[in-house]
Amino acid sequence: MFEQIKHNMETIDGVAIYPIVSLLIFFVFFVGLGMWVFSYKKEKINELSQIPLNDN
């Protein structure tokens, strides 16, 4: 079954660009997520971590 899929994919022009684009999207997303996490304010993280303990 894999050989049939492989053959079909090889006949599509420009199919090699899709893995490159998907890797680039994956990389940009996780780098952006990492930047957001490390730039988040410590005070806001502490405030959010106390929400489950509030009696409201």
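Give the number of residues within the range 1-32 that are in a helix (DSSP H, G or I) and among the acidic types (Asp, Glu).
Of the residues in that region, 2 qualify.
Kindly establish whether GLU47 is at negative phi, surrounded by fewer than 10 Cβ atoms within 10 Å (Cβ to Cβ) and without any contact (Cβ under 8 Å) to a residue 24 or more places away in the chain.
Considered against the rule, which asks whether it is at negative phi, surrounded by fewer than 10 Cβ atoms within 10 Å (Cβ to Cβ) and without any contact (Cβ under 8 Å) to a residue 24 or more places away in the chain, GLU47 comes out as no.
All of the numbers you see were taken from the coordinates with simple rules; none came from a lab. Since we're looking at a predicted model, the values are computed, not measured. Please note: Cβ atoms are built from the backbone with ideal geometry, for glycine as well, and neighbour counts cover all protein chains shown.
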